[in-house]
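Undergrad: Got a structure for you, written out below as structure tokens; questions coming shortly.
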Amino acid sequence: MRTDLFDDALPAALHGSGLTLLRGFALPLERALLEDLERVTRAAPFRHMMTPGGQRMSVAMTNCGEAGWVTDRCGYRYAALDPESAHPWPKMPDSFAELGRMAATRAGFDAFKPDVGLINCYVPAARMSLHQDRDERDFDAPIVSVSLGLPATFLWGGLKRSDRPRRLPLSHGDVVVWGGPARLVFHGVAPLADGYHETLGRRRINLTLRRAL
Ligand code: SIN
Ligand code: FE2
């Protein structure tokens, strides 16, 4: 059963769009998440990947879990090894998997077990253009997206690239979940405004927990 406990937080224009917004949902786990993030990024540092078209992404990325999302001149895919180190990606920390499971449950998706955590690092002006998350093997599982650090404007479009996106401000600790009929909605992030966050500095970290394999 879906719970609408948190729907008050969602702007009216986004009601019924398939997006669940859980304001501050990650805050009780903040310490563990940041420590685990530090451990993961020490083993697999952030890097700027290349799009298949040859553009350097403004967002720096890394991964944890059984595979990692990568892009290069050959395309987008999940890869079992970190191409920078040729080692497996760091294990998914329990804090990430547990947060993913709890947020998915709250949004009405039971028994979510993420196998990949894609970690995005935005500095001021970094952005992510509208895209669908469609490199996962099946689309039954939701996407759980955790925002940490500087606030950002999340863009939530429709099932067609040309659908005009709504703008949703996200801040430290917020979690959004989408799945079911909304699983392939186009989404992105507007250019990050400059600022300073007390724990993460001039950065926004986004963690997306996925069932990819
Ligand atoms: C993504 O779509 O992978 C990133 C979303 C975000 O940074 O909020
Ligand atoms: Fe995405």
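The values are calculated or read from the model by the stated rules, or taken from the named source; none is laboratory data. Note that the coordinates shown come from a computational prediction; the quantities given were computed from them, not determined experimentally. No Cβ is skipped: glycine too gets one built from the backbone with ideal geometry, and neighbour counts run over all protein chains shown. We work out accessible area using only protein heavy atoms, side chains counted, and drop any ligands, DNA or RNA first. Shrake-Rupley method; radii C 1.70, N 1.55, O 1.52, S 1.80 Å.
Undergrad: Between residue 110 and residue 161, 0.36 nm times their residue separation minus their Cα-Cα distance comes to what?
TA: Computed gain between residue 110 and residue 161 is 15.5 nm.
Undergrad: In sequence order, what are the phi-derived ³J(HN,Hα) couplings for the stretch 129-138 according to the Karplus relation 6.51 cos²θ - 1.76 cosθ + 1.60 with θ = phi - 60°, rounded to whole Hz, with x for glycine and proline?
TA: 6, 4, 7, 9, 8, 9, 9, 7, 5, 9
Undergrad: Can you find, among 32, 180, 58, the residue sitting farthest towards the positive end of the charge dipole of the stretch 12-210, where Lys and Arg contribute +1 and Asp and Glu -1 at Cβ?
TA: 58
Undergrad: When the helices in the chain are scored as -39500 (n - 2.57) per DSSP H run of 4 or longer and the sum is shared across all residues, what 222 nm value do you end up with, to the nearest 500 deg cm²/dmol?
TA: Details: 2 runs with 27 residues, N = 213.
Per the formula, -4000 deg cm²/dmol.
Undergrad: Right, something else. Using only the Cα atoms of the chain, what are the Rg and Dmax in Å?
TA: Final numbers for Rg and Dmax: 15.9, 46 Å.
Undergrad: Okay, next question. Of 168, 117, 199, which is farthest on the positive side of the dipole of the chain, counting Cα position, with +1 on Lys and Arg Cβ, -1 on Asp and Glu Cβ, and the Cα centre as origin?
TA: 168
Undergrad: Any chance you could check the Cα centroid distance between the stretch 141-189 and the stretch 16-95 for me, in angstrom?
TA: Here the two parts' Cα centres lie 16 Å apart.
Undergrad: Still on this model: Obtain the nm distance between the two label points defined at residue 202 and residue 84 by a simple spin-label model: each point lies 7 Å from its Cα along the Cα-to-C-beta direction.
TA: That separation, rounded to one decimal, is 2.0 nm.
Undergrad: Explain nothing, just the number: dipole magnitude of the chain about its Cα centre with +1 on each Lys and Arg Cβ and -1 on each Asp and Glu Cβ, in debye rounded to the nearest 20. Provide the component values of the computation, followed by the final result.
TA: On the way: 27 positive and 24 negative charges, 128 e Å.
Dipole about the Cα centre, nearest 20: 620 debye.
Undergrad: Follow-up. Using a 7 Å offset from the Cα along the Cα-to-Cβ direction at both residue 134 and residue 47, what is the distance between the two label points in nm, to one decimal?
TA: Inter-label distance under the simple model: 2.7 nm.
Undergrad: Another question about this same structure. Expressed in nm to one decimal, what extension gain is obtained for the pair residue 12 and residue 66 from 0.36 nm per residue of sequence separation less their Cα-Cα distance?
TA: So the extension gain works out to 15.7 nm.
Undergrad: At 1.4 Å probe size, with every protein chain present, just tell me what the per residue accessible area of the stretch 14-171 comes to in Å².
TA: With the other protein chains kept in place, the stretch 14-171 gives 50 Å² per residue.
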